[in-house]
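The values are calculated or read from the model by the stated rules, or taken from the named source; none is laboratory data. From a predicted model like this one, the values you see are computed outputs, not experimental measurements. Please note: Cβ atoms are built from the backbone with ideal geometry, for glycine as well, and neighbour counts cover all protein chains shown.
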Amino acid sequence: MTNSPFGDSPVKAGFKFVICHLSFVIFLLAGCATRPTFRTVVVDPGHGGYDPGATQRGVLPEKIWTLDLANRLKNRLEQGGFSVVLTRQSDVFIPLEERVLISNSQHDAVFVSLHFNSIRKRDIQGVETYYDSWRSAKLANSVQQSILQLPGVFDRRVKTAPYFVIRRNAYPAILVEGGFLSNPTESRRIASPVYRDALAQQIYQGILSYRGSPPAATR
């Protein structure tokens, strides 16, 4: 048997190796248990400008609803003590790369992209939330479960997808599909200001649950 590079006996070296690895695992677990401390939420209203997003006859295009929902969510987050950055504030086109740059330039933030779905099958309905990396899974689950508290909302589950704005993000990042404009029932619901207020409230509650407490309470 040869000596270890640490100058210890093989048994002692093996013991040190195990201790080092156990310490590393404990460090990782402690890091996972630490509550997020972010104060900034980057809210990304999907589409805009010449990119209308999902379109459906007799229904306003997706870009209108995402911006409206973003503003409602912004107001609720600010009431809760968060700082909010919108990737767009009007009906303009913002490239995906710029949306990511806006998010990555923040300090200690999370990113929430807002969208509405559309499909040829008009009977398809429901809300789904996407994430790309493990660090965003908890946020995605928290927001999805919060939205499901709304009456009549069908669960299309939390899913992974390599969407550019969440894949290239430096922070926990999710993409929320808040319903199908192609479904007659859901399109009427999305067109209701009362529902959009409720949806914004539940997304806020999901973000708050993920954080554990509002920023105002930590000052």
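For (1) among the charged types (D, E, K, R); (2) farther than 25 Å from residue 186 by Cα, each residue gets a yes or a no:
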position	(1), (2)
102	no, yes
120	yes, no
130	no, no
134	no, yes
Name the one entry in 129, 55 that is buried (at least 19 other Cβ atoms within 10 Å of the Cβ) and of a type outside the set (A, V, I, L, M).
129
Restricting to segment 91-109, count the residues that are of a type in the set (Gly, Ala, Ser) and surrounded by 15 or more Cβ atoms within 10 Å (Cβ to Cβ).
2
Given the options 75, 71, 104, name the one that is among the polar types (S, T, N, Q) and touching a Leu at 6+ places or on another chain (Cβ under 9 Å).
71
The lone condition residue 194 fails out of (1) assigned to a helix (DSSP H, G or I); (2) in contact with a helix residue (DSSP H, G or I) (Cβ under 8 Å, 6 or more places away or on another chain); (3) closer than 19 Å to residue 76 by Cα is (2)
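Each row is one residue, and each column tells you yes or no for (1) more than 23 Å from residue 55 (Cβ to Cβ); (2) part of a strand (DSSP E or B).
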| residue | (1), (2) |
| --- | --- |
| 149 | yes, no |
| 158 | yes, yes |
| 162 | yes, no |
| 170 | yes, no |
| 176 | no, yes |
| 179 | no, yes |
| 182 | no, no |
| 185 | no, no |
| 188 | no, no |
Going by the conditions given, is residue 166 buried (at least 18 other Cβ atoms within 10 Å of the Cβ), of a type in the set (A, V, I, L, M) and part of a strand (DSSP E or B)?
no
What residue, among those in segment 130-179 that are over 12 Å from the mean Cα position of the chain (by Cα) and among the aliphatic types (A, V, I, L, M), is farthest from residue 202 (Cα to Cα)?
170
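Criterion first (assigned to a strand (DSSP E or B) and touching a residue at least 60 places away in the same chain (Cβ under 8 Å)) does residue 199 satisfy it? Please lay out each step first, then the result.
Numbers: assigned to a strand (DSSP E or B): no; touching a residue at least 60 places away in the same chain (Cβ under 8 Å): yes.
The answer is no for residue 199.
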Filter segment 171-203 down to residues that are touching a Ser or Thr at 6+ places or on another chain (Cβ under 7 Å) and small (Gly, Ala, Ser) and give me whichever is surrounded by the fewest Cβ atoms within 10 Å (Cβ to Cβ).
182
Segment 18-58, subset modelled with pLDDT of 85 or more and of a type in the set (A, V, I, L, M), residue nearest to residue 182 (Cα to Cα)
54
